[in-house]
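To start, the structure under review is shown below, and the notes come after it.
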Amino acid sequence: MLTYQYLQAVSASPFWEDQIAPKLLDGKNVIIAAHGNSLRALSKYIEQISDDDIMDLEMATGEPVVYDFDEKLKVLGKEKLGK
């Protein structure tokens, strides 16, 4: 059965691979502003969060999140700003 979370993640992965990752690999900074569910799906994909754990991910409206990546785009750190 396809879940909503799965469908969101499926749409997030091509966006990551086609639009975001190439820019990060080129040394550019990327700002993403989107609907909470889209951001949650993108976080699920890049952080490799399980379907069960994604339900506990808190995403406050308008709260910036900064990710640090290694040269292979593995998450090294995550910081929520504005708290």
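Structure summary
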{"quantity": "HN-Hα J in Hz across segment 55-65 - Karplus 6.51, -1.76, 1.60, θ = phi - 60°, x for Gly and Pro", "calculated": "5, 8, 6, 8, 9, 6, 4, x, 8, x, 10"}
{"quantity": "Phe69-Asn29 pseudo-label distance in nm [points 7 Å out on the Cα-to-Cβ vector]", "calculated": "1.6 nm"}
{"quantity": "Rounded to whole Hz, the Karplus (6.51, -1.76, 1.60) HN-Hα couplings of segment 18-28, x for glycine and proline", "calculated": "8, 10, 8, 4, x, 5, 5, 5, 7, x, 8"}
{"quantity": "Cross-link partners of Lys44 among lysines (Cα-Cα below 21 Å; sequence separation of 8 or more within a chain)", "calculated": "Lys23, Lys72, Lys74, Lys78, Lys80"}
{"quantity": "Calculated Cα Rg over 2.2 N^0.38 Å (choose from (1) 1.08; (2) 2.21; (3) 2.93), label", "calculated": "(1)"}
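The numbers here are math on the coordinates, done by the rules we state, and not lab data. Quick caveat, the model's predicted, so the values are computed rather than measured. Backbone-built Cβ (ideal geometry, glycine too); neighbour counts: all protein chains shown.
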